[in-house]
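Chemist: Before anything else, here's the structure in question.
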Amino acid sequence: MSIKILHTADWHIGKQLLKIDFAKDMDLFFDWLIECIQENDINVLLMSGDLFDQANPSQAAMAQYYGFLKRLLPLKCKVILTGGNHDSPHVINAPKDLLEILEIKVVGGIPENIADLFVEIAVGNEKVVVAAVPFLRDKDIRNAVPGESYSDKIELIKDGIATYFANVNQHYKANYDNTPFIVMAHLFAQGASVSDSEREIQIGNQAGVASAVFGEEPHYVALGHIHRPQMVGKPNIRYSGSPIALSFSEKKDIKEVVMLTLEGSNFTVNLLPIPKFRKLLTIKGTVKDVTKKIADYESDSILTDLAEVIIEEDNENISHIKALEDLLTSEPENGLQILKGSIKFKTEVSGTSKLLSKGEDIKDFSAVQLFEKRLEQDDSLENTDELINAFREILEGLQTSEITD
């Protein structure tokens, strides 16, 4: 007898990429996931944070979530779901008591009693215990001190995260020692390869933790937050990644879920690739080249493929700019829709923004990156690192205000 566990994360239900709603993508992923659970006799489904894309999800996003849970009920698959930095703990926890009856465990934010994180699962003679740790917010793991420096804040956050996981391991050893142990977590682990679609957490990810913070007790660490599937530090510490590409920076990523098979005290890891329901691609060249590539394109995807175009011409010309505008407002053609575009000229007329280099598009930069570019233009400024850190804190405060605690 064995226990089979599926590790997923970062569903981001309700996600839109520019003007495209990914609801159909998620429906197709949920169809595939249901089949995957059935075909592999999965006993437990883990979702390690960022269930929704927004703290206050739309009614459509909520309906999609509950619709999926309803489809899971006949499969007798235990579900353990944690809140991420995009999620509101209150929204996730609202149906907590009802879902518990249906074998669905939700942990939107850290509970008062650490024991409430733990779920013990038995299948035949096999047992596994899961610590469902959600995203750890600043207020959960440290006490703010008046007048503290930026570097002090970073260290206090790191120390708070380390202390919390040490307490999780201590509770495990005191109550479940020798039982195979899985820890769920939603955070930035140092060394992880990021994409453009993750929202920075805990001050520009500078408070990222080393994989050693999880200790030696967990047999497997099921991570969420980073959208590229990858191992961090050790083979048993993994990000499952998001199930679909959420930005053009992920267009080449192979999306997957992680299947764990527990026999005795040994976990076997298998990576199950998720089908691509649409492609994200970049089309480069002159106006003539790009236009031809679009006209010749043939899609074999279920959904309309999405493209960003980068036009490269020798000289700045109003006709080239008009051609790009026409592409961005055109209807889908040959199963392809143009979502974003930029134009680069080898020579440019005066009047181009001094903030950007030749060919750079403001839409391709984050607020922090644009702020850094502005600082680079002023040689009289000192302590620019402090200014950048202060700017990050302001952005972090604005993002935090979106979360309803």
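Chemist: Tilt of helix 23-39 relative to the longest C-alpha principal axis of the chain, in degrees (0 to 90, nearest 10)?
Modeler: 40 degrees
Chemist: Relative to the longest principal Cα axis of the chain, at what angle does helix 384-400 sit, 0 to 90 degrees, rounded to 10?
Modeler: Its long axis makes an angle of about 60 degrees.
Chemist: For segment 311-343 and segment 227-258, what is the centre-to-centre distance using only Cα atoms, to the nearest Å?
Modeler: Centre-to-centre distance over Cα atoms comes out at 31 Å.
Chemist: If I ignore ligands, DNA and RNA and count only protein heavy atoms, how much of residue 333 is accessible to a 1.4 Å probe, in Å² to the nearest 10?
Modeler: About 80 Å², rounded to the nearest 10.
Chemist: For segment 239-343, rounded, prolate or oblate, judged on the Cα gyration tensor with a ≥ b ≥ c (square roots of eigenvalues), a/c < 1.5 rounded, else prolate if a/b > b/c? Please report the intermediate quantities before stating the final value.
Modeler: Details: a/c = 4.16, a/b = 2.87, b/c = 1.45.
Verdict is prolate for segment 239-343.
Chemist: Now for a separate question. To the nearest 0.05, how large is the calculated FRET efficiency for residue 266 and residue 159 if R₀ is 35 Å and r is the Cβ-Cβ distance? Don't jump to the answer; show the numbers that get you there.
Modeler: Values: r = 33 Å, r/R0 = 0.96.
Once the sixth-power term is evaluated, E becomes 0.55.
Chemist: Modelling each spin label as a point 7 Å along the Cα-to-Cβ direction, I'd like the residue 101/residue 299 distance in nm, to one decimal.
Modeler: Going from the residue 101 label point to the residue 299 one covers 4.3 nm.
Chemist: Need one value: the accessible area of residue 294 in square angstrom, 1.4 angstrom probe, rounded to the nearest 10.
Modeler: The value for residue 294 is about 10 Å².
Chemist: Ranked by accessible surface with a 1.4 Å probe, highest first, in what order do 81, 75 come? Show your work: numbers first, answer last.
Modeler: Numbers: 81 0, 75 45 Å².
The ordering from most to least exposed comes out as 75, 81.
Chemist: Estimate the FRET efficiency between residue 315 and residue 388 by the formula 1/(1 + (r/R0)^6), using the beta-carbon distance for r and 30 Å for R0, to the nearest 0.05.
Modeler: Taking R0 as 30 Å, the efficiency between residue 315 and residue 388 is 0.25.
Chemist: From the cross-link list 70/234; 153/344; 158/373; 15/346; 78/276; 105/276, which pairs have alpha carbons spaced over 32 Å apart?
Modeler: On the way: 70/234 36 Å; 153/344 41 Å; 158/373 29 Å; 15/346 36 Å; 78/276 26 Å; 105/276 29 Å.
Correct reply: 70/234; 153/344; 15/346.
Chemist: Could you calculate the contour length gain from residue 41 to residue 286, that is, 0.36 nm times the residue separation minus the distance between their Cα atoms, to one decimal place in nm?
Modeler: On the way: separation 245, 0.36 × 245 = 88.20 nm, distance 5.15 nm.
Result: 83.0 nm gained on full extension.
Chemist: While we're looking at this one, here's another question. With every protein chain left in place and a probe of 1.4 Å, what is the accessible surface of residue 278, to the nearest 10 Å²?
Modeler: 30 Å²
Chemist: What do you reckon, how do 320, 7 stack up by accessible area (1.4 Å probe), largest on top? All intermediate terms of the calculation are to be shown ahead of the outcome.
Modeler: Values: 320 40, 7 0 Å².
Largest to smallest exposure gives the sequence 320, 7.
Chemist: Any idea how far the Cα center of segment 209-224 sits from the one of segment 92-109, in Å?
Modeler: 24 Å
Chemist: Tell me the mean residue ellipticity at 222 nm calculated for the chain from its helices only (DSSP H runs of n ≥ 4, each -39500 (n - 2.57), averaged over every residue, nearest 500).
Modeler: Details: 10 runs with 122 residues, N = 405.
After summing the helix terms and dividing by the residues of the chain, the value is -9500 deg cm²/dmol.
Chemist: Find the all-direction average of the projected area of the Cα convex hull for the chain, expressing the result in square nanometres with one decimal place. Present the calculation step by step, with values, prior to reporting the outcome.
Modeler: Numbers: hull surface 89.1 nm².
Taking a quarter of the hull surface, the average projection is 22.3 nm².
Chemist: Of all accessible surface on the chain at a 1.4 Å probe, what whole percent is carbon and sulfur? Please report the intermediate quantities before stating the final value.
Modeler: Numbers: 9630 of 19310 Å².
C and S fraction of accessible area: 50 percent.
The values are calculated or read from the model by the stated rules, or taken from the named source; none is laboratory data. A quick note: this is a predicted structure, and the numbers were derived from the prediction, not measured. No Cβ is skipped: glycine too gets one built from the backbone with ideal geometry, and neighbour counts run over all protein chains shown. Surface areas here come from the heavy atoms of the whole protein model, side chains and all, with no ligands, DNA or RNA. Shrake-Rupley method; radii C 1.70, N 1.55, O 1.52, S 1.80 Å.
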